[in-house]
Amino acid sequence: MNEDSTVIRFPQPEVVDDPLTAVLRTGARRLLAQAIEAEAEDFLAGMAERRLADGRVRFVRHGHGPERTIQTGVGPVEVRRAKVRDRAPAGGDSRVRFTSQILPRWARRTRSLDALLPVLYLRGVSMGDFQEALAALLGREAPNLSPSVIARLRSEWEAEHGRWQRRDLSARRYVYIWADGVYLQARMEPQAECMLVVIGATPEGRKELVGFQVGTRESAQSWRELLVGLKARGLTIAPELAVGDGALGFWKALEEVYPSARHQRCWVHKAANVLNKLPKSLQANARQDLREIWLAPDRMTAEAALATFTAKYAPKYDRAVACLVKDREALLTFLDFPAEHWDHLRSSNPIESVFATVRHRTVRTKGALSQETARLMVFKLVMAAARTWRRLKGENQLPKVIEGVTFSDGVEVTTTGAQDAA
């Protein structure tokens, strides 16, 4: 529009005139350009001693690549990649190519946006609505987030999931594992899909996603397939302890595949099952009574609290008491491990907390997830959440657990001099 034009352009509802966003994008563009230049200069400084046969500097600046737009959290930012030329003779095996770690060669989006997309989907945003949903944050002109791009991303997620499922586990060991089955009602599916998940604790105290599989039900066969697959890929050393709910299918499969692993029943699931067998008027007091058991500082106190619960509720509510006492040994196994690990071992919450978002998604959309999409989206969500999982406290105790050191009431058992002499 020229300066003499009398046509006035009215504000469009989809256009947001936000000076602050413009300033942020300008600042991001400037900082990104400076960081890329500094990265190239650092590379040249590190290669300064390398010379050609005639004494000339081997690595020199070679301008910039074409300008491209990177989609970031503050909208699209234009940037150019710094280029470095290796003047060594062509065809040599020793030629070195400069690759920016800040701006990879084919990057079009920041990694944080790629991680955001599956989370948005699981929170109720359909794939076709991603561009609309992100417009307020990234701007209407935001490229690289069209439905076709999202479809390509889905293919990349599928390839990533396939590589992860085939990875070699022979060098891995997990001291503890948590297992749970999460049910999702998927679109056009005749029955609920069960997602079987196994998370493991490494000898360094980190939690990792170990196994993930979609089945039609939480049966012993489904769990057996998952555990046998892990063992076939190299995970031959059994965990010291497995934590899970009362699903008989998992424990039966565990006995067959890793018979030496000890069992710990999840107190969160057990408490919910016991409370469901009591009237609502008693559930608040019963919940506190149950806490006295699983928060006990030692086995004697826990046994006493369990006896008190039994005496208090057995006369009228024998079904609730029977539900509790039938697993009394498996519920108190954690007492035979370091006290620093008790918070982690008493429940399967490492899995429950992650899948709360998945359940929210299926409730919001009445199950608008196909089996394949659910599998990929949940996989991406769990992998993203794994970066923030809480490490085990007292990781210095894990080598002792691996070595078979005995613990009683959370404390290492040591032999006295008299016992040694005897």
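The values are calculated or read from the model by the stated rules, or taken from the named source; none is laboratory data. What you are looking at is a predicted structure, and each value in this text was computed from that prediction instead of being measured. Positions of Cβ are generated from backbone atoms using ideal geometry, with glycine treated the same way; all protein chains shown enter the neighbour counts. The protein model used for the area step is the full one, side chains on, heavy atoms only, and it has no ligands, DNA or RNA in it. Shrake-Rupley method; radii C 1.70, N 1.55, O 1.52, S 1.80 Å.
So the values come out like this:
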item	result
For the stretch 237-277 versus the stretch 389-413, the gap between their alpha-carbon centres in whole angstrom	20
Val325/Glu156 FRET efficiency (R0 41 Å; Cβ-Cβ; nearest 0.05)	0.20
Debye, to nearest 20: dipole size of the stretch 222-318, +1 on Lys, Arg Cβ, -1 on Asp, Glu Cβ	260
Prolate/oblate/rounded call for the stretch 165-312, Cα gyration tensor, a/c under 1.5 rounded	oblate
Peptides 302-309, 408-415 ordered by average Cβ neighbours within 10 Å, highest first	302-309, 408-415
Percent accessible area from carbon and sulfur atoms, the stretch 231-278, protein chains only, probe 1.4 Å	54
Under the Karplus curve 6.51 cos²θ - 1.76 cosθ + 1.60, θ = phi - 60°, whole-Hz ³J(HN,Hα) for the stretch 34-51, x wherever Gly or Pro sits	5, 5, 5, 5, 5, 5, 5, 5, 5, 5, 5, 5, x, 9, 4, 7, 7, 10
Gyration tensor verdict on the stretch 214-269 (Cα atoms; rounded if a/c is under 1.5, prolate if a/b is larger than b/c, oblate otherwise)	oblate
